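So the structure is just underneath, and the comments pick up after that.
The values are calculated or read from the model by the stated rules, or taken from the named source; none is laboratory data. Keep in mind that this is a model prediction, so the values were computed, not measured. Ideal geometry is used to build each Cβ from the backbone, glycine not excepted, and the neighbour counts take in all protein chains shown.
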Amino acid sequence: MMRSATITRNTKETQITISLSMDGKGNSAIATGIGFFDHMLTALARHSGISLEIRTVGDLHVDAHHTVEDTGIVLGQALAEALGDKSGIARYGSAYIPMDEALSFCALDLSNRPYLVFQGCFTNAMIGSYDARLTEEFFRAVAVNAGMTLHLNMLYGSNDHHKCEALFKAFAHALKAAIRENEDGSVLSTKGVLS
């Protein structure tokens, strides 16, 4: 089974196309117009092993909110399409990731029950041209549109760049574990379906 998807979403605020392959090699071509966000999405691809192509053109003359949130929406939709009924996968994943003085944790369940718990805060509003406060909005959009229960925790750290990057990488490693194919191709649920 080819675990891949391409989703395009065009609105008056953003024009986005995302292509992904679950069984890629973590290659990426990312262009959102926000340098630090591109850096985080590139790290997400590399550390999850999911090959990602993301092209986002957004109304950055307003602010970055639509660009970041809508990219999360489309990424979540692409993940959902590539995983189909989510049979044959490990379903759960978790990871602690340190980055220098910062430590972040992620636990997720590809359950078809979208939920986000986001704990942690940034010291400064901006990391380069990226509004750090949009990190939670991005992950909420991914979780809701992928049908994912997602818990993210920036446990500690003093450097906002490190805290955010550790969080994205924790998500990537948790996702990599959750999409791993299981031995018998079954749905990991006593109900026989994920809903």
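Brief remarks on what is shown
- Criterion (at pLDDT 95 or above, more than 19 Å from ARG140 (Cα to Cα) and either among the hydroxyl-bearing types (Ser, Thr, Tyr) or within 15 Å of the chain's Cα centre (by Cα) (or both)) met by exactly one of ILE73, ILE50: ILE50
- Test: ALA78 is among the small types (Gly, Ala, Ser) and under 12 Å from the mean Cα position of the chain (by Cα): yes
- Which listed residue is surrounded by fewer than 20 Cβ atoms within 10 Å (Cβ to Cβ) and within 19 Å of SER4 (Cα to Cα), from SER87, SER94, SER129: SER87
- Residue ranges of strands (runs of 3 or more DSSP E) in region 2-109 with at least 3 members free of Cβ contacts under 8 Å to residues at least 60 places away in the same chain and of a type in the set (Val, Ile, Thr): 14-21, 51-58
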